[in-house]
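Here's the structure, in C-alpha cells; my notes come after.
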Amino acid sequence: MKIVDLVPQPETIHRAAAQLLVDGFRVFAPEAWPTLAAGLEEIQAFIDEADERICRAALDDNGQLLGWIGGLSQYDGNAFELHPLVVRPDAQGQGIGRALVLDLEAQVVAHGAQTIYLGTDDEAGLTSLAGADLYPNPLEHLMRIENRRQHPFGFYRKLGYTVVGVIPDANGFGRPDIFMAKRVAPPKD
C-alpha cells in the first residue's frame, strides 16, 4: 500500500473515491452522499479548493483505491477538520484507516497547524447518546458515552482523539454529532 495525493490521480480514481463515499457511508450516514453525483461533487470540491484542503488516498500495489481521507483548513490554518475518512469495506480492519489518519496528521503538521478535529455523527443508533434527549445537560451524557455497536468514535479514540463535545439532535431527534479532537503539534508560542 502507498499513500498519495488524491487530486492529481486519474479520473478513474476520482470516480472510485466518489463511489466509496456512497458505499462507505450507506449504513452510518446514508444522507451524507446518497448518490454517485453527490460523491463526485465532494471530490470536485477537493480539486477546486486544493490549496485549502488535504486529500490523501491509499492505493494497493495495483493502483486500486483502498480508501481516502480529507482535511479542511479551519481557524486561520491552526486546525484542520478531518472530513471524510472512508475505507473500502473489503479492506477494513487491515490498518488502512489508521495509516490514512496518521498520514493526515503528518500533513497537518507540515501545514503548520496544531489540531485536528472531526464530527462523527450517530445517525444509526450506535452509541448510548442515540435516541436520548441530551438536554438540558448534554455534557453529562457525553461523560458516560458508550460505544454499543462499533461506532467510529471508538476507532478515533484508539488513535488518541478525545471527545470534546456534542451537538444534540444535529441530524434529528436523538441523532447527535459527536465532536473529537487531537493536538498533533506542540503549542505555538
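The values are calculated or read from the model by the stated rules, or taken from the named source; none is laboratory data. None of these values were measured; they are calculated from a predicted model. With ideal geometry, Cβ positions are generated from the backbone for all residues, glycine too; neighbour counts draw on all protein chains shown. For the accessible areas, the whole protein counts, side chains as well, though only heavy atoms, and no ligand, DNA or RNA atoms are used. Shrake-Rupley method; radii C 1.70, N 1.55, O 1.52, S 1.80 Å.
Solvent-accessible area per residue in the chain equals 52 Å², computed with a 1.4 angstrom probe and all protein chains kept. For VAL166, the residues whose modelled amide H falls within less than 5 Å of its own, excluding neighbours fewer than 5 places apart on the same chain, are PHE179.
Counting only residues at least eight positions apart within a chain, or on another chain, the aspartates and glutamates with an alpha carbon under 13 Å from that of LYS2 are ASP60, ASP61, ASP103. Each residue of segment 54-59 was assigned a 3J(HN,Hα) from its phi angle through the Karplus curve 6.51 cos²θ - 1.76 cosθ + 1.60 (θ = phi - 60°); the sequence is 10, 9, 10, 10, 9, 10 Hz, with glycine and proline shown as x. Between GLY67 and ALA58, ARG88, the built amide H atoms are under 5 Å apart, and every one of these is 5 or more places off in sequence or on another chain.
Between exposed trypsin sites (Lys or Arg not before Pro) in the chain, where DSSP calls loop and at most 12 other Cβ atoms lie within 10 Å, what's the longest gap? Within the chain, the longest run free of exposed trypsin sites (Lys or Arg not before Pro) spans 1-143.
Phi-derived couplings, Karplus 6.51 cos²θ - 1.76 cosθ + 1.60 at θ = phi - 60°, listed residue by residue for segment 140-152: 4, 5, 5, 5, 10, 4, 10, 8, 8, 8, 6, 5, x Hz, with x used for Gly and Pro. The candidate values are (i) 11.7; (ii) 14.9; (iii) 11.1; the one derived from this structure for mean projected area of the Cα convex hull in nm² carries the label (iii).
Here the Karplus curve 6.51 cos²θ - 1.76 cosθ + 1.60, taken at θ = phi - 60°, turns the phi angles of segment 38-53 into couplings of 5, x, 5, 4, 5, 4, 4, 4, 5, 5, 5, 10, 4, 6, 10, 10 Hz, with x standing for Gly and Pro. Restricting the GluC sites (Glu not before Pro) of segment 100-158 to loop positions (DSSP other than H, G, I, E, B) with no more than 13 neighbouring Cβ atoms within 10 Å leaves GLU146. A cut-off of 5 Å between modelled amide H atoms, ignoring neighbours fewer than 5 places along the same chain, links ALA130 with no other residue.
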